[in-house]
Amino acid sequence: MPEEIGGESRVRQRSGEIASPAPSGGARWLPALLAYLRSLIDIARWSLAAGVLLMTVTSLTEGLGVALLFPILQVAGFQVAGQGHVGHYTAEVERLLARSGIPESLWLALLLGLFVLLFALRSLFSRVQSVLTFGIVVKYELALSRSLFEAVARADWMFLAPRRSAEFAHALTGELTRLSVGTYMLIGALSNAILALFYIAIALKLSAQMTLLVLAGGMILLLFSRRWLRAAHETGSAVSESMREVYAATGERLQNLKTMKAYGAQDRDLAMLAALQRSAGAQSLRNIRSQAAAAFWFEAGSLFGLGFLSVASLSLLRVAAASILLLLAVFTRLMPRLAAGNNQLQGFLTELPAFERIMEMRAECAAHAEPAEESAQAPALRHELRLEEVCFRYGPADDGSASARVLDRASLSMSRGRITALAGPSGAGKSTVADLVNGLLTPESGRILIDGLELEPKMAPSWRRQVGYVGQDTPLFHDTVRANLLWAQPGSDEEQMRQALRNAAADFVFGLPGGLDAVVGDRGALLSTGQRQRIGLARALLRTPALLILDEATSGLDLENERKILDVVAELKRTSAILLIAHRPSAIERADLIYVLEQGRIVESGGWAELCGRPGARIGGLFRLPEPGRS
């Protein structure tokens, strides 16, 4: 995928670029929340059900522990019996203890023991719940990661090519991390909500009037906090966008460190990154301020309302003092739970745009997916691959003419037993031909034929199994030589790998520390350009391809190693069709048939000697060859 190396100027609206989320507003977060919940339930259904059950049990043990406080005080000698609902409740507990036959002297020890046991169980359940929550978050993150990566990997090349790879990398790393944090927050909010329900049930039993008044006040606070919920989602979208820019710019510069240092552009790039980071930091600070303001007003409003209702309950509702005390004990534990739940919900809404971004990207990739490999099998290439009157353009022509075509009615063939070369100036369409015969691109018009049978788009995935490709840029994985070879052809044995390396003039591998198990570095950074190209060629040869495409594959080699590789290629043509794209005459002259392209059209074809012998031949101008008959 194309990468940018430029400075501060950036093309923000390129053709085909993944659309950024639309500005948030109103209750846009609500459908996103529902979509998120559906996906979470779909992926972690049973784990989530077990987690909710465990939250319920944890909340129940804590609620029962709080409910034991006044029976403990009654048994300890504090007279709370006869004081409203608390008195009735404590009297019921005393009668239950009396009927049990347990000596009265042991009642306090028994109740205290139950109290300690309940809170010990609560701690145990809370610990198990933490582990289970972590498992849910990891399962959900990995499932979404696999789903998104699969959608990207299966998308059509024409959809992927105009996009920055850093955008996909950010979604698969930074956005997924944000979503994991948000999932933790949402599960925490759910846990607090379940516990709050138990406290509300206890409070309703003690004083329905006061509890309903408290709940009414809480609803007013929640309605008042809607503006902060909306602000949390909006700032979350802004944070997502700004962090995407930071991640993309950082990734691009890390991939091009050598070029950056060669141009002495470190200071310019640092200034550009610093500006992007300041913007992202400002958005994050705005979000934190919004959450802090919401938390302050919610907690302050809760405390003020609770104090007011306590006084009103004593003077107007005539609630017993013991009931007031127990209600205060309940509400002082309930309000922090509600405040924490509100903060967690806000935090989740801040991270929710990460989920929206991932879903949008996955949907776009799925909409541009290639056919499944098993949908149609391509015919085996036994004789000839042919392009007939093929036209291709990367985008629509502005005026409807053929001026934007990269290829214009191109016809050519390549067959087993022959090296077919493409020559022409840069931009003539040579690499486009390579991508077309590789099945990465589909002709606008015309046909690609394999032994007379048309290569349809649905056959492209299976056809590529017959193709070996080596380009000018041969990135390798930060792994061993062995792993890089097996990536192309799993199941190959050591002798096959060694033979492929020898055939590709990559014998230098056997002299590396570790040999086949030598690590090549990030994108093959520990190797020279020529060494990377030779390992790339060995990787292609290991597949024993029916079609071998060499797109400037020897450009990084010295003439001696190029000669060795071309000797191997000459031997391979007995079993493979070879397509060779090169700018060196030393490579082109080895071809059996050469096509010369200019502005997407084939202007001449023939063998090297034949073309060089023609007066005014285009190939002579390409390689600065003297005119026939001139010294």
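The values are calculated or read from the model by the stated rules, or taken from the named source; none is laboratory data. Note that this is a predicted model, so its numbers are computed, not measured. Don't worry about glycine lacking a Cβ; one is built from the backbone with ideal geometry, like all the others, and counts go over all protein chains shown.
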Worksheet, complete the sentence: Inside the range 143-153, the number of residues satisfying the requirement of being farther than 20 Å from Asp42 by Cβ and either in a loop (DSSP other than H, G, I, E, B) or touching a residue at least 12 places away in the same chain (Cβ under 8 Å) (or both) is 1
Worksheet item: Looking at (1) touching a strand residue (DSSP E or B) at 6+ places or on another chain (Cβ under 9 Å); (2) closer than 16 Å to Ile358 by Cβ, which is the one condition that is false for Asp156?
Response: (2)
Worksheet item: Of the residues in the range 604-631, how many are at pLDDT below 65, of a type in the set (Lys, Arg) and in contact with an Asp or Glu (Cβ under 9 Å, 6 or more places away or on another chain)?
Response: 0
Worksheet item: For the range 448-467, how many residues meet the condition of being within 18 Å of Asp156 (Cβ to Cβ) and acidic (Asp, Glu)?
Response: 1
Worksheet item: Which one of Glu388, Glu444, Glu454 is among the acidic types (Asp, Glu) and touching a Ser or Thr at 6+ places or on another chain (Cβ under 9 Å)?
Response: Glu388
Response to the item:
Exactly one of Leu118, Leu111, Leu106, Leu97 is outside the structural domain of Asn192 (by TED's automatic domain parsing), exposed (fewer than 13 other Cβ atoms within 10 Å of the Cβ) and not polar (S, T, N, Q), and that one is Leu106
Worksheet item: Out of (1) modelled with pLDDT of 85 or more; (2) touching a Gly at 6+ places or on another chain (Cβ under 9 Å); (3) small (Gly, Ala, Ser), what's the single condition that is false for Gly16?
Response: (1)
Practice prompt. State the number of residues belonging to the range 138-150 that are surrounded by 20 or more Cβ atoms within 10 Å (Cβ to Cβ) and of a type in the set (A, V, I, L, M).
Written response: 2
Discussion item. Can you report the number of residues in the range 29-86 which are modelled with pLDDT under 85, closer than 30 Å to Gly347 by Cβ and of a type in the set (Phe, Trp, Tyr)?
Written reply: 1
Discussion item. Given the options Arg590, Arg574, name the one that is charged (D, E, K, R) and touching a Leu at 6+ places or on another chain (Cβ under 6 Å).
Written reply: Arg590
Worksheet item: Mind checking which pairs have a first residue in the range 353-371 that is on the phi < 0 side of the Ramachandran plot and in a helix (DSSP H, G or I) and a second that is at pLDDT below 90 and surrounded by fewer than 19 Cβ atoms within 10 Å (Cβ to Cβ), Cβ under 6 Å, 6 or more apart or different chains?
Response: Glu356/Pro21
Worksheet, complete the sentence: Given the conditions (1) surrounded by fewer than 19 Cβ atoms within 10 Å (Cβ to Cβ); (2) not in a strand (DSSP E or B), every one holds for Val603 apart from (2)
Item to complete: Give the number of residues within the range 447-465 that are surrounded by 18 or more Cβ atoms within 10 Å (Cβ to Cβ) and within 23 Å of Gly606 (Cα to Cα).
Response: 2
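Okay, residues lined up against (1) under 30 Å from the mean Cα position of the chain (by Cα); (2) closer than 20 Å to Tyr595 by Cβ; (3) not assigned by TED's automatic domain parsing to the domain that holds Thr575:
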{"residue": "Pro425", "(1), (2), (3)": "no, yes, no"}
{"residue": "Ala428", "(1), (2), (3)": "no, yes, no"}
{"residue": "Gly446", "(1), (2), (3)": "no, yes, no"}
{"residue": "Ile450", "(1), (2), (3)": "no, yes, no"}
{"residue": "Lys458", "(1), (2), (3)": "yes, no, no"}
{"residue": "Trp463", "(1), (2), (3)": "yes, no, no"}
{"residue": "Val470", "(1), (2), (3)": "yes, yes, no"}
{"residue": "Pro475", "(1), (2), (3)": "yes, no, no"}
